[in-house]
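Peer 1: Here it is, the structure in full.
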Amino acid sequence: MSRGFYVGRFQPFHNGHQAVLERIACTADEIIIGIGSAQISHTVANPFTAGERVLMLTRSLEGLECPFYVIPLEDVQRNALWVAHVRSMAPPFDTVYTGNPLVAQLFTEAGVNVRSPEMHERLTHSGTVIRRRMLDGEPWEHLVPPAVVDVIREIHGVERLRQIARSD
Ligand code: ATP
Ligand code: MG
């Protein structure tokens, strides 16, 4: 049984994340998805709560080829302890899939097998770009799965982001 681990902040979950997870689903038997910085919400860089991100992920991945588990992970303020923290919260896994150099380094040092999935149209498919588009009133809906559009509408996410970006 091979279980893969994938982590992101998913602010919001977008088509790049979806494409990578669909590819991993073909090679791993099960996937664990960690929602990083789970404790942060209502900031311009991290507008959505862990629970809202759980909704985005689980609804978008309904048709995924293999079973998956979504685990919110709060930050620990010590990178050297982060792998142990993840292991204490997640089901056991043998392979980490990440494009993030720090995440790759920390797991490699811990002796875990790390793979770097190919990026999916990274210039446009980035949380930073999508949040900026929401703030500027530009189209963003085509960059995320339909279920994410629904969740963000339901929670009035764009209005929230614009409100917290205003200066007092
Ligand atoms: P932000 O701009 O807010 O940092 P992000 O798009 O980088 O958002 P994260 O939530 O930081 O997304 O998730 C990081 C994980 O998702 C990393 O492993 C990263 O390599 C991967 N990832 C991000 N964008 C893409 C993409 N377009 N294609 C494939 N993987 C991606
Ligand atoms: Mg990122």
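Peer 1: Of everything in the range 53-96, what is under 17 Å from Glu30 (Cα atoms), among the aliphatic types (A, V, I, L, M) and touching a residue at least 60 places away in the same chain (Cβ under 8 Å)? Give them in sequence order.
Peer 2: Val86, Ala90, Val96, listed by residue number.
Peer 1: Do we find a residue being of a type outside the set (Gly, Ala, Ser), in a helix (DSSP H, G or I) and within 16 Å of the chain's Cα centre (by Cα) anywhere in the range 45-53?
Peer 2: Yes: the range 45-53 contains one or more residues that are of a type outside the set (Gly, Ala, Ser), in a helix (DSSP H, G or I) and within 16 Å of the chain's Cα centre (by Cα).
Peer 1: Of all residues in the range 1-55 being under 23 Å from Gln105 (Cα atoms), of a type in the set (Phe, Trp, Tyr) and within 16 Å of ligand 2 (Cβ to nearest atom), which is surrounded by the fewest Cβ atoms within 10 Å (Cβ to Cβ)?
Peer 2: It comes out as Tyr6.
Peer 1: Right, here's the next one. Mind telling me which of the residues Arg132, Arg87, Arg160 ends up being within 16 Å of Ile33 (Cα to Cα), basic (Lys, Arg) and modelled with pLDDT of 95 or more?
Peer 2: Arg87
Peer 1: A further question follows. Filter the range 96-139 for residues that are crowded, with 18+ Cβ neighbours inside 10 Å and either β-branched (Val, Ile, Thr) or closer than 18 Å to His85 by Cα (or both) and give the result.
Peer 2: The answer is Val96, Tyr97, Thr98, Val103, Leu106, Phe107, Ile130.
Peer 1: Can we say Tyr69 is over 29 Å from Glu159 (Cα atoms), within 14 Å of ligand 1 (Cβ to nearest atom) and within 17 Å of the chain's Cα centre (by Cα)?
Peer 2: Judged against the criteria, Tyr69 is not a match.
The values are calculated or read from the model by the stated rules, or taken from the named source; none is laboratory data. Just so it is clear, the model here is predicted, and its values are computed rather than measured. Note that we place each Cβ from the backbone using ideal geometry, even for glycine, and neighbour counts take in every protein chain shown.
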